[in-house]
Every structure is written in structure tokens, then in C-alpha cells.
Amino acid sequence: MSELPVYTKSQLALRNGSDKPEIWVAYKGKIYDVSRSRLWMRGKHYEHWAGQDLTDELKDAPHDEWVFKNFDPIGRLG
């Protein structure tokens, strides 16, 4: 994972589906591009918003962290 680029929380926040075309979320220190997911259209997935770290929010989701296996990490949250 050390070869992945490091992004700040501010850089992550810009990839919210509104400010830039990318839709990114972070989970356990890794950043994932979820732009191709129809469930993240316009940067919102149910009551969750893109551009932020969802580590603490996953406990409220109806799924587990296996969902991130559908996406390759594109960076690390620094």
C-alpha cells in the first residue's frame, strides 16, 4: 500500500461528486474511487456523502467492508 499516493482530507473532500467529476471515499486509511458505482451517483449513497472517511459510518450500513473489494484503492489518506 505504500506505493499509493497520499491525499489529505481536503483533497478527498473535493472528490465529492460536485466539485470534481471524481467520487472518492476513504475507508481504513485507503481511498477508493467509487465513480463507476451507480449507488454513488452525484456523490450520495443513502445518507452517506462522498469526499469523506466512512470508516466510522460503516457500522450503520447494511453491508460489511467486503463492499470495498469491488473497488481498487487509488490512494492513502494522509
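Counting pairs of alpha carbon atoms under 8 Å apart in space and at least six apart in sequence, what relative contact order in percent does the chain give? Averaging sequence separation for qualifying contacts and normalising by length gives 41 percent for the chain. Based on protein heavy atoms only, the chain ends up with 67 Å² per residue of surface accessible to a 1.4 Å probe.
Residues considered: Asp53, Asp33, Asp19. Largest GNM mean-square fluctuation over the chain, using C-alpha springs under 10 Å, is found at Asp19.
Per-residue 3J(HN,Hα) values for segment 33-43, derived from phi via the Karplus relation 6.51 cos²θ - 1.76 cosθ + 1.60 with θ = phi - 60°, read 8, 9, 4, 7, 7, 5, 7, 10, 4, 6, x Hz in sequence order (x marks Gly and Pro). The slack between Arg76 and Met41, meaning 0.36 nm per residue of separation minus the straight C-alpha distance, is 10.3 nm. For the chain, the dipole from Cβ point charges (+1 on Lys and Arg, -1 on Asp and Glu) about the Cα centre works out to 200 debye, to the nearest 20.
Beta bridges from DSSP with both residues in the chain: antiparallel share about 75 percent, rounded to the nearest 5. Report summary: the helix-based calculation at 222 nm, which adds -39500 (n - 2.57) for every DSSP H run with n ≥ 4 and divides by the residues of the chain, gives -1500 deg cm²/dmol. Note on volume of the Cα convex hull per residue in Å³: of the candidates [x] 121; [y] 87; [z] 70, the value calculated from this structure sits at [y]. Which one, Val34, Val25, Val67, has the greatest fluctuation when you compute a Gaussian network model over the chain with C-alpha springs under 10 angstrom? The residue that fluctuates most here is Val67. Scanning residues 5 or more positions from Lys30 or on other chains, those with amide H under 5 Å from its amide H are Leu77, with H placed 1.01 Å from N in the peptide plane.
Summing charges over neighbours of Leu4, with a neighbour being any other residue whose Cβ is under 9 Å away from its Cβ, gives +1 when K and R count +1 and D and E count -1.
The values are calculated or read from the model by the stated rules, or taken from the named source; none is laboratory data. In this text, all values refer to a predicted model and were calculated from it rather than measured experimentally. Virtual Cβ from ideal backbone geometry, glycine too; neighbours counted across all protein chains shown. The area values use the complete protein model at the heavy-atom level, side chains included, leaving out ligands, DNA and RNA. Shrake-Rupley method; radii C 1.70, N 1.55, O 1.52, S 1.80 Å.
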